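Below: one structure, written as structure tokens.
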Amino acid sequence: MMRGSTFQTDAMKSVRFVDGELIPVGKILCLGRNYPEHAKEMNAEVPSAPVVFMKPSTAIVEEGGSVMIPPISTDVHHEVELVIVIGPGGRNISAARAMEHVAGYAVGLDMTLRDVQADAKRKGLPWTVAKGFDTSAPLSGAVRRAAVGDPHALTLELRVNGTLRQRASTSSMLVRVPEIVAYCSTIFTLETGDLIFTGTPEGVGRVVHGDRLEALIAGVGSLTVGVV
């Protein structure tokens, strides 16, 4: 008779602020096609309403860790993103009060199994496997909201093995931080430690075994991970 395997899991995933506070991560919400040039490079329409999908907290990998390419894919892409860290939770939050629910920001990578995603799109299936696999959400430490100032005036960069792949400004986001928080809260009750990935700009591309990814958002932080 076959038996299931037993193994030791890591502790609950958390986000660490630069001042030392550690907050357990709840759900991870992500926006798709929130930069018009990225929608264009994906041959997709610019959405009239936010496109939201989810990743489990087990997708997080910390600074210095590695993205593990699962055997079901041969086309894994990088997507650098500004990440919102939710402080006080709430539901049906107004855009006018939304920033009161933002504890801070971090640098994130939305790693995507592009071939698996494309197949799911053709079949009208969810993107969960393509977006939510283990290590699909590399995450930096977080900084407090007050230390960042305007989150819509930040430069995002992503380098692979030292070569610049993505560089853009958060000013190009279609849906901005207050509206993102407000919209998500009409569908999901937001809780302390929830993360919202706010979308990626143009320049996404493939990574392979042995690559080194370096993400930077000026004023927020940096993130370096490998690919295995």
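Observations
- Residue that is within 19 Å of Val18 (Cα to Cα), surrounded by 16 or more Cβ atoms within 10 Å (Cβ to Cβ) and in contact (Cβ under 8 Å) with a residue 40 or more places away in the chain, where the choices are Arg165, Arg145: Arg145
- Number of the condition not met by Leu213 [criteria: (1) touching a residue at least 40 places away in the same chain (Cβ under 8 Å); (2) closer than 26 Å to Ile93 by Cα; (3) of a type in the set (A, V, I, L, M); (4) not in a helix (DSSP H, G or I)]: (2)
- Residue count for region 99-119, restricted to those that are among the acidic types (Asp, Glu) and in contact (Cβ under 8 Å) with a residue 24 or more places away in the chain: 2
- Qualifying positions in region 169-188 - in contact (Cβ under 8 Å) with a residue 40 or more places away in the chain and either outside any loop (DSSP other than H, G, I, E, B) or more than 23 Å from Pro47 (Cα to Cα) (or both): Thr170, Ser172, Val177, Pro178, Glu179, Ile180, Val181, Ala182, Tyr183, Cys184, Ser185
- Qualifying residue in region 198-208 (condition: within 15 Å of Ala106 (Cβ to Cβ), modelled with pLDDT of 95 or more, outside any strand (DSSP E or B) and of a type in the set (Val, Ile, Thr)): yes
- Yes/no for Pro71 being of a type outside the set (D, E, K, R), touching a residue at least 40 places away in the same chain (Cβ under 8 Å) and either surrounded by fewer than 16 Cβ atoms within 10 Å (Cβ to Cβ) or in a loop (DSSP other than H, G, I, E, B) (or both): no
- Condition check for Val116: more than 14 Å from the chain's Cα centre (by Cα), of a type outside the set (Asp, Glu) and part of a helix (DSSP H, G or I): yes
- Those residues of region 30-50 which are among the hydrophobic types (A, V, I, L, M, F, W, C) and more than 21 Å from Gly193 (Cα to Cα), in sequence order: Ala39, Met42, Ala44, Val46, Ala49
- Considering region 188-212, the residues that are more than 26 Å from Asp150 (Cβ to Cβ) and of a type outside the set (Lys, Arg) include one that is surrounded by the fewest Cβ atoms within 10 Å (Cβ to Cβ), namely Gly210.
The values are calculated or read from the model by the stated rules, or taken from the named source; none is laboratory data. All values derive from a computational prediction rather than experimental measurement. Glycine also receives a Cβ, built like all others from the backbone with ideal geometry; neighbour counts cover every protein chain displayed.
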